[in-house]
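Below: one structure, written as C-alpha cells.
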Amino acid sequence: MFGNRSDFDRTLAIMDQLRRRMDRVFDDLDRGVGPEPATGGLPRVNVHDTGNAFVLRADLPGVQEKDLSLTLEQDVLTLSGQRRGDAPEGYAAYRQERAPYRFSRSFAFPAKVDTEKVLAELKDGVLTVTLEKAAEVKPRQISVRVA
Amino acid sequence: MDPTRAKDSTRVTPRVDVYENDKEILLLADLPGVTRESLAIHADGDTLTLEAKRADTLAGSALAQELELRDYSRTFGIPPSIDRERIEAKLEAGVLRLHLPKQAALMPRKIPVRVG
C-alpha cells in the first residue's frame, strides 16, 4: 500500500513542498542570530567608574518597570526580574530569537557606595543605575600650597 | 564568539521574531538604547532594512564591558504581497513592532457558498 502512491498523494506532496517554500518568503538576508550566550548571563551589563560614582548599564528590552527589582545590600547590587513573552495571538511564528526569560544577577563594587544615593532609570529598554561612592572613598583634590 | 556580532564588526544584528497571519507579517525586534530619532527603516524593492544608532555611551573607565554599544543593522527579503505604503512601526521600551500589511487584493478571501 505504501509503495504504491497514488497521483493524489503526489499532488499533496508537491503542495506541501510549495507551502514549505512559501514559508521562506520572509528571508533573513543577514546571518541569523543564535541563542543568547551562556557565559556572563543576562542581562548583559557595562559598568563604569566615573570617579565619584559607579554607573551600571543593562540592556533590558521589553522589560516593564513592574517586572524589575533592584536591591542594594552593603556593596552588592542585585538586579532581578523577568521579561514576559510578547507573542501575538492568532499568528504563525516563523522566527523566534527573542525568548522570554527570568534573571537575577548580583554585582559587587570595588569601593563603598552611599546606599542613600542610588539612582535607577529605565529608558528605551536600557536600565542605568548610578551609585554614588561613599564620601570617604571619593577621589579628593589635594591643593598644593606654595611654601 | 558573540552570535549577535554581525559579519561587519562595527554592527550588531538585533534579535527578531517574525509572525504572520492573513492580514500581515509582524516583526518584533529588540533594539535597546534606540530612540525614534535614531532608527531608520527602509523598504526598498524586495528588501527591508533596519538601521539604528546607539548613542548611549558611558563616561569613565570600564570595569565590565559585556554590551557592545554598536549600531544595529539587519536586512530581510520581503515578499511582493506586502503593501509598502502601509508599513507601520512602533518603538516602545527598546522593542520595535513593525507591521507589514498584505495587499488587500492578495488576502485570502472567504467564498460564500449559496445553497441553490
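Below, the figures for the structure above:
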quantity: Lone qualifier among A:Val47, A:Val63, A:Val55 - being among the β-branched types (Val, Ile, Thr) and closer than 30 Å to B:Gly77 by Cα; calculated: A:Val63
quantity: Wholly enclosed strands (runs of 3 or more DSSP E) of the range A:17-91 bearing at least 1 residues modelled with pLDDT of 90 or more and at the interface with another protein chain (Cβ under 9 Å from one of its Cβ atoms); calculated: A:45-49, A:53-59
quantity: Qualifying residue in the range A:49-65 (condition: surrounded by 14 or more Cβ atoms within 10 Å (Cβ to Cβ), touching an Asp or Glu at 6+ places or on another chain (Cβ under 7 Å) and among the aliphatic types (A, V, I, L, M)); calculated: yes
quantity: Filter result for A:Phe103 (surrounded by 13 or more Cβ atoms within 10 Å (Cβ to Cβ), on the phi < 0 side of the Ramachandran plot, within 11 Å of chain B (Cβ to nearest Cβ) and not in a loop (DSSP other than H, G, I, E, B)); calculated: no
quantity: Subset of the range B:55-75 (residues that are facing chain A (nearest Cβ under 8 Å), small (Gly, Ala, Ser) and not in a strand (DSSP E or B)); calculated: B:Ala59, B:Gly60
quantity: Members of the range B:42-78 found to be in contact (Cβ under 8 Å) with a residue 40 or more places away in the chain and either acidic (Asp, Glu) or touching a helix residue (DSSP H, G or I) at 6+ places or on another chain (Cβ under 7 Å) (or both), listed by number; calculated: B:Ala43, B:Glu68, B:Asp71
quantity: Single residue of the range B:76-99 satisfying the filter (of a type in the set (D, E, K, R) and more than 10 Å from chain A (Cβ to nearest Cβ)) that is nearest to B:Val12 (Cα to Cα); calculated: B:Lys90
quantity: Residue pairs meeting the criteria (Cβ under 8 Å; at least 6 apart or on separate chains; first under 19 Å from A:Gly125 (Cβ atoms), in the range A:75-86; second aromatic (Phe, Trp, Tyr) and assigned to a strand (DSSP E or B)); calculated: A:Leu79/A:Phe103; A:Leu79/A:Phe107; A:Ser80/A:Phe103; A:Gly81/A:Phe103; A:Gln82/A:Tyr101; A:Gln82/A:Phe103; A:Arg83/A:Tyr101; A:Arg83/A:Phe103
quantity: B:Arg36 being more than 9 Å from chain A (Cβ to nearest Cβ), of a type in the set (Lys, Arg) and surrounded by fewer than 14 Cβ atoms within 10 Å (Cβ to Cβ); calculated: yes
quantity: Residue selected from the range B:100-116 under the condition in contact (Cβ under 8 Å) with a residue 60 or more places away in the chain and out of contact with any helix residue (DSSP H, G or I) (no Cβ under 8 Å at 6 or more places or on another chain), by the criterion farthest from the other protein chains (Cβ to nearest Cβ); calculated: B:Met107
quantity: Out of A:Ala99, A:Ala87, sole residue that is over 16 Å from the mean Cα position of the chain (by Cα) and of a type in the set (Gly, Ala, Ser); calculated: A:Ala87
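Residues are listed down the side, and each one gets a yes or a no for (1) closer than 20 Å to A:Arg98 by Cα; (2) surrounded by fewer than 15 Cβ atoms within 10 Å (Cβ to Cβ):
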position	(1), (2)
B:Asn21	yes, yes
B:Asp44	no, yes
B:Leu50	yes, no
B:Ala59	no, yes
B:Glu68	yes, no
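The values are calculated or read from the model by the stated rules, or taken from the named source; none is laboratory data. Everything numeric in this text was worked out from a predicted model, so none of it was measured. Using ideal geometry, Cβ is built from the backbone for each residue, glycine included, and neighbour counts are taken over all protein chains shown.
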